[in-house]
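Below: the structure, in structure tokens.
Each reported figure results from applying straightforward, stated rules to the coordinates on display, with no laboratory input. On a predicted model such as this, the values are computed, not experimentally measured, just so you know. Please note: Cβ atoms are built from the backbone with ideal geometry, for glycine as well, and neighbour counts cover all protein chains shown.
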Amino acid sequence: MSDHDHHDHAAEHDREHDRPLSGPALRVKALESLLTEKGLVNPKALDELIDTYETKVGPRNGAKVVARAWADPVYKERLLADAGAAIAEFGFFGRQGEDMVVLENTPKVRNVVVCTLCSCYPWPVLGLPPVWYKSAPYRARAVIDPRGVLKELGTEVPDDVEVRVWDSTAELRYLVLPVRPAGTEGWSEEQLAEIVTRDAMIGVADVTLPVRE
Amino acid sequence: MNGAHDLGGMHGFGQVEIEKNEPVFHFPWEKRAFALTLASGFHGKWNLDMSRYAREQMPPAEYLATTYYEHWLFGLQKLLVEQQLVTAIELQTGHAEAKTSELRALQVSDVEPLLRKRRAARLDEDVPPRFRAGERVVARNINPTGHTRLPRYARGRRGVIDRDHGVFIFADTHAMSRDKKPQHCYSVRFTARELWGTDASAHDSVFVDLWDDHLDRA
């Protein structure tokens, strides 16, 4: 997602202020003013929390990790052996990523990450989870019909490929290391990071080369 | 609890739809609900497992009919009242009856340290593991009315210990009584056929993170 798109969205949603507030919007507004009045929250700190996950922490972090693992076999070894330490080399660590595990996809093994019970997701490398990841269809189906879900999302998994679904039921947080696409030989880490997507790092998509125009 | 949050294996919810160029938040109130939850948690009156349990207690029909941050809002309001940071009357009227002055609110300068703590649920306690990688186990058939991280679809199913993650806080007791009950947490591998029957792919499996107290030797 480009910054441009992002800001357009933000502007669009900020216009919601002009309309009458809906149920949850009203309740949240009342709650914030109550908690502020009681000295329990500081609205400026709330802004800072929001800004962190809107602008600083997101899937571009994870893409850098994947790109380095593709470009540097020694780094990849470290990443698979101790994901937390290897990811922290970039300065990415903290809340909802304290105990990281990296799962390597191969031509014969495909890993898919889900949290059937809530929405566990590796924040420091992927940011906050998208709606579909938190939604009932994905949480219900990823474990019972991963091939069906992948197919709907555009990836047909051959019969001889093993699908491993990881249900994040504890505090381990999983990041998929996708297969490096052919045709990227000699690319720099920066170029590689450009093509790595959030969905590939969750395990529901492959990394593909951009279509030439 | 056997709640609506425990969704693994259910049918009928429809297709997974990925929104292109999805914003981090869809409405301003979602941002505030998210931040209020983290900032309220800063007071240390509850832990993450209690937060999850609070959301799970949203009545099932309501849980399935509402959006993600509405679950968060429900959980936050419940915890604020239960842990006596606000009263039910204050929540209803939106006006403070008294200031909770002894507590220090999260400040801007606290945000980075709060989000960049490197330890959460992992513990240093020297507790021996009950199982080793490669051992066959069966997930207990438990149906507690309280919090559990053992999903329904895995209960009573046989699997193999894939790896030992080390010693962690046990979420099930931590949510109910703050008892950390340090014990090993493992990735347990269940074949798709063990979980879903012979129609499932013979090659596939589901890995579930479970603790010693969820497992018996098979």
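Restricting the first member to segment A:43-56 and to residues that are more than 7 Å from chain B (Cβ to nearest Cβ) and more than 16 Å from residue B:113 (Cβ to Cβ), and the second to residues that are not in a helix (DSSP H, G or I) and not aliphatic (A, V, I, L, M), no beta-carbon pair is closer than 6 Å while six or more apart or on different chains.
What number of residues within segment B:13-55 are more than 8 Å from chain A (Cβ to nearest Cβ), free of Cβ contacts under 8 Å to residues at least 24 places away in the same chain and surrounded by fewer than 17 Cβ atoms within 10 Å (Cβ to Cβ)? Total meeting the criteria: 2.
State yes or no: is residue B:90 over 22 Å from residue B:144 (Cα atoms), of a type in the set (Asp, Glu) and within 7 Å of chain A (Cβ to nearest Cβ)?
Values: over 22 Å from residue B:144 (Cα atoms): yes; of a type in the set (Asp, Glu): yes; within 7 Å of chain A (Cβ to nearest Cβ): yes.
Considered against the rule, which asks whether it is over 22 Å from residue B:144 (Cα atoms), of a type in the set (Asp, Glu) and within 7 Å of chain A (Cβ to nearest Cβ), residue B:90 comes out as yes.
Please indicate, with yes or no, whether at least one residue in segment A:112-128 is of a type in the set (S, T, N, Q) and over 15 Å from the mean Cα position of the chain (by Cα). Walk me through it before giving the result.
Start the filter on segment A:112-128 by keeping residues that are of a type in the set (S, T, N, Q), which leaves A:116, A:119.
Retained after the next criterion (residues that are over 15 Å from the mean Cα position of the chain (by Cα)): A:116.
Yes, that holds for at least one residue.
A single member of A:80, A:117 is in contact (Cβ under 8 Å) with a residue 12 or more places away in the chain, in a helix (DSSP H, G or I) and of a type outside the set (Gly, Ala, Ser), and it is A:80. Restricting attention to segment A:127-159, the residues that are acidic (Asp, Glu) and either buried (at least 24 other Cβ atoms within 10 Å of the Cβ) or at the interface with chain B (Cβ under 7 Å from one of its Cβ atoms) (or both) add up to 1. Whether a residue is surrounded by fewer than 22 Cβ atoms within 10 Å (Cβ to Cβ), in contact with a strand residue (DSSP E or B) (Cβ under 6 Å, 6 or more places away or on another chain) and farther than 14 Å from residue B:8 by Cβ was assessed, and residue A:109 passes this test.
Note on segment A:191-205: residues that are more than 14 Å from chain B (Cβ to nearest Cβ) and outside any helix (DSSP H, G or I) amount to 1.
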